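Since the structure comes first, as structure tokens, the remarks are kept for the end.
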Amino acid sequence: DLRVRHAPLHGVEVPPERAPSMIDEYLVLAMAAACASGRTILRGLSELRVKESDRLAAIAEGLTACGAKVTIEGDDCIIDGTGTPPKGGVTIAAKLDHRIAMSYLILGAVTAEPITIDDAAPVDTSFPGFADLMNGLGLKIAGVA
């Protein structure tokens, strides 16, 4: 049995030793960090630069465009959250990367203005039914198979 409760998000520091075991989760973690109170530091993310796209750059560029404060120092990502979601209201270049597209679609569920993805085709390739599943949880994702 699982018991799940909600609580305000607070910044954390993730050490570089964690990167290998959670490299695919850093994008969505960065979305959560943009909504958290305080500073989140994600260390040792060099592998994000060589995935399907440069995911480290995608975090910085997309979150900055949404109104969050993000700094990249070497292979570390620093996100200074205000405790509220960033504004949104942008189109994100997914760079044919399913994780970029899905992460920003999830962030769009809490931003004041919608987030659009330039090409959601990779989402259907890697996670058929993603939009239906997320919409079943209360999100409002349109235009994704």
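Numbers below:
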item	result
5 angstrom amide H check on residue 81, placed H, neighbours 5+ away	38, 39, 40
Label selected from [x] 16.2; [y] 15.4; [z] 15.8, the criterion being Kirkwood radius over Cα pairs in Å as computed here	[y]
Pairwise FRET efficiency - residue 39 versus residue 119, Cβ, R0 = 30 Å, nearest 0.05	0.40
Length gained when the stretch residue 72-residue 7 is fully extended (0.36 nm per residue, less Cα-Cα span)	20.7 nm
Set of aspartates and glutamates with alpha-carbon distance to residue 95 below 13 Å, sequence-local pairs under 8 removed	52, 54, 61, 118, 119
Helix-only [θ]222 nm of the chain, DSSP H runs n ≥ 4, -39500 (n - 2.57) each, per residue, nearest 500	-9000 deg cm²/dmol
Å² per residue, accessible surface of the stretch 13-137 at 1.4 Å	46
Full-stretch length increase - residue 46, residue 23 - with 0.36 nm per residue and alpha-carbon distance subtracted	7.3 nm
Sulfur and carbon atoms: percent of accessible area, the stretch 13-137 [1.4 Å]	53
Test item: Cα-centred dipole of the chain, Lys/Arg +1 and Asp/Glu -1 on Cβ, debye	420
Fraction of antiparallel bridges per DSSP, the chain only, in percent to nearest 5	65
Inter-label distance for residue 112 and residue 133, nm, one decimal - labels placed 7 Å from Cα along Cα-to-Cβ	3.2
Size of charge dipole - the stretch 48-95 - debye, nearest 20, with Cβ of Lys, Arg +1 and Asp, Glu -1, no other charges	220
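The values are calculated or read from the model by the stated rules, or taken from the named source; none is laboratory data. In this text, all values refer to a predicted model and were calculated from it rather than measured experimentally. Quick reminder, even Gly has a Cβ in these numbers, built from the backbone with ideal geometry, and neighbours come from all protein chains shown. Quick note on the areas: whole protein, heavy atoms, side chains included, nothing else; ligands and nucleic acids left out. Shrake-Rupley method; radii C 1.70, N 1.55, O 1.52, S 1.80 Å.
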